[in-house]
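The values are calculated or read from the model by the stated rules, or taken from the named source; none is laboratory data. This one's a predicted model, so the numbers in the text were calculated from it and none came from an experiment. Heads up, the Cβs are rebuilt from the backbone with ideal geometry, glycines too, and the neighbour counts pull from every protein chain shown.
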Amino acid sequence: MVERNGPAPLKVRSVFISDVHLGFKGCSAELLLDFLHSVDMDHLFLVGDIIDVWSMQKSMFWPQSHNNVLRTILGKAKRGTKVIYVPGNHDEVFRDFDGAVFGNLEIHREYVHQTATGKRLLLLHGDEFDSVVKCSPWLAKLGSTLYDLLLAANPYINWARRKLDLPHWSLAAYLKHKAKTAVQYIGSFEEAVAQAARKRGVDTVVCGHIHHAEIRDIDGITYCNDGDWVESCSSLVEDMNGQLRLIDWPRLREQLRVAPLALPVGQAA
C-alpha cells in the first residue's frame, strides 16, 4: 500500500495520462492513485488504454485498487475537474461513444485543448499510426500477449527491488529501448504523429500508445508522449503558466521524502 500522507497537493492546469491498463495485472494502480491524490488540476486528459479490455477478455482481473482509480477520477470530475477521455486500442469499445457528455466527463476520438499560452494542442491515443495495429490487428494482439508477459513480471521484480531498497525499474522498458528495431519504430511513430498534427494545423500533439515518455521538437511541432502506468509510471502536466513537463512519479516520490512538492526541473516545452 502506498502512503498518501505528505504536503498539500500540487496545483497544475492540466494532467495527461495514458496506458494505465486497468484490468491488467501489470497496472501500477497504487502509484497512480498516489499521483492523483497528490495533484489538483483543472483538466484531466485520459489519452487512451485506461481500461485494458483486451486483457480482461482473456482473464478477468479487477482488484479494489483498480476500482479506486476510477472512483478517484469520477470524484475529481464531480468536484469540478474537466475530464476528457480519448479511448485507445485496448479500450476502443468506448470510441462508439464519441461526443458523449456525462457532466464534467466527455468522450472524444480526438480533442484539441488550448493551453494557457494559447497554443492548440491535439490529443489522440496514437494507435492509428502504428502500422502493425493498423494493418494486422491479430498480429498486434499476439505481440500484446508477449509484451504483457514482460509487463506482468514487473510487480515481482520491483517487489524484490524494494526489499533491496532499489528504485522502480521496468524489464520491458529496458529490453525495448535496447532493441535497435524498437528504437527505429519509436522514431517512425513520433514522426508520423507529428506529421498528422501539422496537417491538422496545431502547435503541439500529445499521445500515448508506445509507453515511451518524451517531449521533443519535430520540425516545429512539439511532440509529447505522456508515457504509461505499467512501466515508467509517468505523466505529462501543463503548469499554471502553460508550460508542459514530464513527471516521473516514482522518482519524484523519492525526492518528496526530503524536499517540498514541486515540478521537476527536467524536460519541458
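Data for the structure
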item	result
Meets criteria (surrounded by fewer than 21 Cβ atoms within 10 Å (Cβ to Cβ) and either within 27 Å of HIS21 (Cβ to Cβ) or modelled with pLDDT under 95 (or both)) for ALA197	no
Some residue of region 18-25 being farther than 26 Å from LEU122 by Cα, touching a strand residue (DSSP E or B) at 6+ places or on another chain (Cβ under 9 Å), crowded, with 20+ Cβ neighbours inside 10 Å and not aromatic (Phe, Trp, Tyr)	yes
Residue that is modelled with the lowest pLDDT [pool: residues in region 231-253 that are under 9 Å from the mean Cα position of the chain (by Cα) and not small (Gly, Ala, Ser)]	CYS233
Flag for VAL83 being surrounded by 13 or more Cβ atoms within 10 Å (Cβ to Cβ) and in contact with a Leu (Cβ under 6 Å, 6 or more places away or on another chain)	yes
Top-ranked residue of region 207-260 - restricted to ones that are in a strand (DSSP E or B) and of a type in the set (Asp, Glu), ranked as surrounded by the fewest Cβ atoms within 10 Å (Cβ to Cβ)	ASP217
Unmet requirement for ASP127, which otherwise passes all of (1) within 17 Å of the chain's Cα centre (by Cα); (2) farther than 12 Å from VAL47 by Cα; (3) charged (D, E, K, R)	(2)
Qualifying residue in region 172-194 (condition: modelled with pLDDT of 90 or more, polar (S, T, N, Q) and not in a loop (DSSP other than H, G, I, E, B))	no
Unmet requirement for GLU30, which otherwise passes all of (1) touching a residue at least 12 places away in the same chain (Cβ under 8 Å); (2) at positive phi	(2)
